[in-house]
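The next block holds one structure in the form of structure tokens; read it before the comments.
The values are calculated or read from the model by the stated rules, or taken from the named source; none is laboratory data. Please read all numbers here as calculations on a predicted model, not as lab measurements. Methodologically, a virtual Cβ is constructed for each residue, glycine included, from the backbone with ideal geometry; neighbour enumeration extends over all protein chains shown. Heavy atoms of the whole protein, side chains included, go into the accessibility calculation; ligands, DNA and RNA do not. Shrake-Rupley method; radii C 1.70, N 1.55, O 1.52, S 1.80 Å.
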2 protein chains.
Amino acid sequence: MAPVKNGRLIFNEVPEGYPVPGKTTVYDDTQTIDVENVPLNGGFLVKVLVLSIDPYMRGRMKLSEGSYINSFKLGEPVSNFGVGVVLRSENSDVKAGDHVYGVISFEEYIIFPKLEGVEILTNDANIPWSYYVGVAGMPGMTSYAGWKEFSKAKKGETVFVSTGAGPVGATVVQLAKRDGLKVIASAGSDAKVEFLKEIGVDVPFNYKTTSTKDILTKEGGIDVYWDNVGGEVLDAALDAAHTQARFIECGMITGYNDSEKFAIKNIFSVIPKAITISGCAVYLLAPKYTAEFRREVPALIASGELKVLEHRTEGLEKAGHALVDVLTGKNHGKSVVIVADS
Amino acid sequence: MAPVKNGRLIFNEVPEGYPVPGKTTVYDDTQTIDVENVPLNGGFLVKVLVLSIDPYMRGRMKLSEGSYINSFKLGEPVSNFGVGVVLRSENSDVKAGDHVYGVISFEEYIIFPKLEGVEILTNDANIPWSYYVGVAGMPGMTSYAGWKEFSKAKKGETVFVSTGAGPVGATVVQLAKRDGLKVIASAGSDAKVEFLKEIGVDVPFNYKTTSTKDILTKEGGIDVYWDNVGGEVLDAALDAAHTQARFIECGMITGYNDSEKFAIKNIFSVIPKAITISGCAVYLLAPKYTAEFRREVPALIASGELKVLEHRTEGLEKAGHALVDVLTGKNHGKSVVIVADS
């Protein structure tokens with residue numbers, strides 16, 4: 001077989017605000033690969049199937065080491081969680097047909113010199129492979145571990161989940177409902193609000209047309225806040241918090257493109273209200289929760305008890321646009337790029 | 001005996017910035033009391049000995065119910081923790097010569113209709129009564145309970161204590177040293193920095209002449225932050241925090257007179273660093289820690305293991321000035337007003 005195109009999404013320039021496809025990220029289709037004959041030197045060749053698109057990728061588009069994950073390197077492909085299928089292998093631990101999962105670079109084909117950075121993925125629950133970068137993967141793990149570790153949820157309490165229709169938020173919503181809480185959740189479009197209803201949110205609202213502050217006041221305040229947003233919404237939640245409320249800080253999408261927006265004014269409330277604010281860094285929680293997560297969550301998805309909404313973009317060449325959509329809230333469900341069907 | 005003056009400190013006007021003695025608080029000496037003959041109607045008469053002056057009193061000088069403790073009432077005396085001695089009693093649970101402790105109003109003599117709002121205070125450790133509004137009272141309890149509940153201190157870690165020479169801060173410093181931590185602490189004058197050295201602070205500094213940010217960077221960051229200050233200092237501490245640092249929010253004196261200064265910019269750090277921020281509301285922790293606190297702390301003071309520094313103001317008529325001094329950092333040690341010696 002002749003060499004085939006090996007498309008890549010390159011980090012080309014540090015964005016000032018939102019990333020600009022074709023400028024800050026560039027899709028490069030000049031490379032080719034001879035899939036059948038390329039030397040593996042003891043490694044294995046993976047065909048990438050699906051890549052995850054997440055807001056925090058914006059944080060890696062920097063030159064400095066300011067973020068918690070290393071910045072992307074200029075001139076090289078960006079990377080994120082993904083799943084691929086092994087085409088050929090010279091490694092005895094890996095065989096053709098195996099699926100692998102891990103943080104991988106945005107390319108159609110990758111040669112791994114050894115089994116490092118990715119792991120063999122089994123799929124006993126027989127759910128779509130793409131779910132393993134969503135609710136069955138890092139975003140779902142974030143929800144699962146963060147909720148179990150920090151929520152101290154008690155039946156009858158009220159939780160507010162911002163970005164409730166996203167993969168992390170929607171999973172939190174469903175875990176909270178399973179624990180018997182009243183759930184208030186926000187999303188940025190009426191279609192997303194419909195999804196919030198489908199997953200059992202008691203008080204779903206569109207934050208673009210309804211004031212978060214008004215809703216939280218009207219509903220009598222909150223005991224738990226799952227924050228994907230930061231900024232003014234975090235301030236409103238501090239204002240509406242009950243005594244001894246628990247705040248789980250998972251993301252602050254408000255500030256990713258404008259650091260001034262990280263500023264909050266109501267932090268003083270934590271003292272009189274004895275609020276606890278916990279930063280949810282999934283990499284620190286994963287060791288404690290991975291085994292039970294893998295045992296429970298794919299099975300809950302397969303049985304339909306945990307609902308999943310996926311926003312699929314077909315083709316690696318559109319990954320740059322998919323990232324902008326995630327940052328501007330245009331996606332409806334967990335954003336994934338389908339690089340190849342199988 | 002003829003009636004004697006019964007001076008009172010009246011809340012006269014809501015301050016805009018700092019309170020103004022003679023304007024926002026007014027000392028009123030027009031009332032008299034006939035100590036020997038005033039009818040008690042089954043209650044008891046207390047001569048006030050000492051009153052505590054604390055920064056949070058500024059927060060009570062409001063019309064709204066925005067703060068966690070009720071606002072002072074205009075035209076009535078302000079109140080705070082104090083100790084008094086019983087002169088006469090018609091209550092069988094209280095006898096002349098007993099000392100009582102509680103939140104009491106700023107007057108020289110008070111008739112209590114029943115034993116409510118104050119409690120009989122014993123003093124087995126035989127320390128000065130004034131200490132019971134300081135390190136042996138609410139401020140010390142704040143340090144003791146907050147430290148035990150939230151610090152998760154491990155030997156060899158580093159803690160930063162802002163306002164380290166105040167009664168809360170100095171007690172935290174000494175508890176941290178007992179737990180084997182390296183202690184960085186700030187104060188607002190060279191005299192206070194000397195006191196920080198006396199109580200064992202490893203890195204004492206004057207925040208008015210030395211940059212907090214520079215010190216925290218130079219010392220390699222922090223694992224625990226005991227915050228009495230808020231604002232920019234809290235931002236600097238977030239910047240210097242290690243992964244999984246614990247922040248104990250006890251006060252934000254920076255913002256008490258200017259709410260814009262509560263704003264912080266580095267809150268995002270809690271996510272990548274998995275920081276936990278806990279609001280320390282002593283009233284919620286007291287039930288859990290009161291017994292051990294009373295058993296341990298007065299004895300530690302008596303033996304000299306816990307050092308106490310007191311800033312005494314003689315005479316209730318100067319209480320308004322004492323409050324301004326506390327808010328502007330002019331006090332050197334726990335501020336108390338000595339209303340009467342015995």
task = Give the number of residues within the range A:189-227 that are free of Cβ contacts under 8 Å to residues at least 40 places away in the same chain and on the phi > 0 side of the Ramachandran plot.
result = 1
message = For the list (1) within 29 Å of A:A274 (Cβ to Cβ); (2) in contact with a strand residue (DSSP E or B) (Cβ under 8 Å, 6 or more places away or on another chain), I need the number of the one condition that B:Y56 fails.
response = (2)
request  = Taking B:A299 as the residue in question, decide whether it is at pLDDT 95 or above, at positive phi and over 17 Å from the mean Cα position of the chain (by Cα).
outcome  = no
query = Which residue out of B:V133, B:V172 is under 16 Å from B:A245 (Cβ atoms) and either of a type in the set (D, E) or open to solvent by less than 10 Å² (accessible area, probe 1.4 Å) (or both)?
reply = B:V172
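Each row is one residue, and each column tells you yes or no for (1) in a loop (DSSP other than H, G, I, E, B); (2) more than 20 Å from B:I253 (Cβ to Cβ); (3) in contact with a Pro (Cβ under 6 Å, 6 or more places away or on another chain).
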| position | (1), (2), (3) |
| --- | --- |
| B:P19 | yes, no, no |
| B:V38 | yes, yes, no |
| B:L51 | no, no, no |
| B:D54 | yes, no, no |
| B:N70 | yes, yes, no |
Single unsatisfied condition, B:A176 versus (1) at pLDDT 95 or above; (2) assigned to a loop (DSSP other than H, G, I, E, B) = (2)
ask   = more than 26 Å from A:D227 (Cα to Cα), more than 7 Å from chain A (Cβ to nearest Cβ) and within 22 Å of the chain's Cα centre (by Cα) - does that describe any residue in the range B:215-236?
value = no
note = A:G117 passes all but one of the listed conditions (1) open to solvent by 40 Å² or more (accessible area, probe 1.4 Å); (2) out of contact with any helix residue (DSSP H, G or I) (no Cβ under 6 Å at 6 or more places or on another chain); (3) in contact (Cβ under 8 Å) with a residue 40 or more places away in the chain; (4) under 30 Å from A:V26 (Cα atoms); the exception is number (3)
query = Just checking, how many residues over the range A:1-60 are surrounded by 21 or more Cβ atoms within 10 Å (Cβ to Cβ) and more than 29 Å from the chain's Cα centre (by Cα)?
reply = 0
remark   = Of B:P77, B:P139, the only residue that is open to solvent by 10 Å² or more (accessible area, probe 1.4 Å), of a type outside the set (S, T, Y) and within 23 Å of B:I338 (Cβ to Cβ) is B:P77
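Here's the yes/no breakdown for (1) more than 14 Å from chain B (Cβ to nearest Cβ); (2) crowded, with 16+ Cβ neighbours inside 10 Å:
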| position | (1), (2) |
| --- | --- |
| A:V270 | no, yes |
| A:A274 | no, yes |
| A:A281 | no, yes |
| A:L285 | no, yes |
| A:A291 | yes, no |
| A:S303 | yes, no |
| A:L309 | yes, yes |
| A:G315 | yes, no |
ask   = Somewhere in the range A:102-111, is a residue part of a loop (DSSP other than H, G, I, E, B) and open to solvent by less than 70 Å² (accessible area, probe 1.4 Å)?
value = yes
message = I need a count of the residues in the range A:198-227 that are in contact with a Cys (Cβ under 9 Å, 6 or more places away or on another chain) and among the aromatic types (F, W, Y).
response = 1
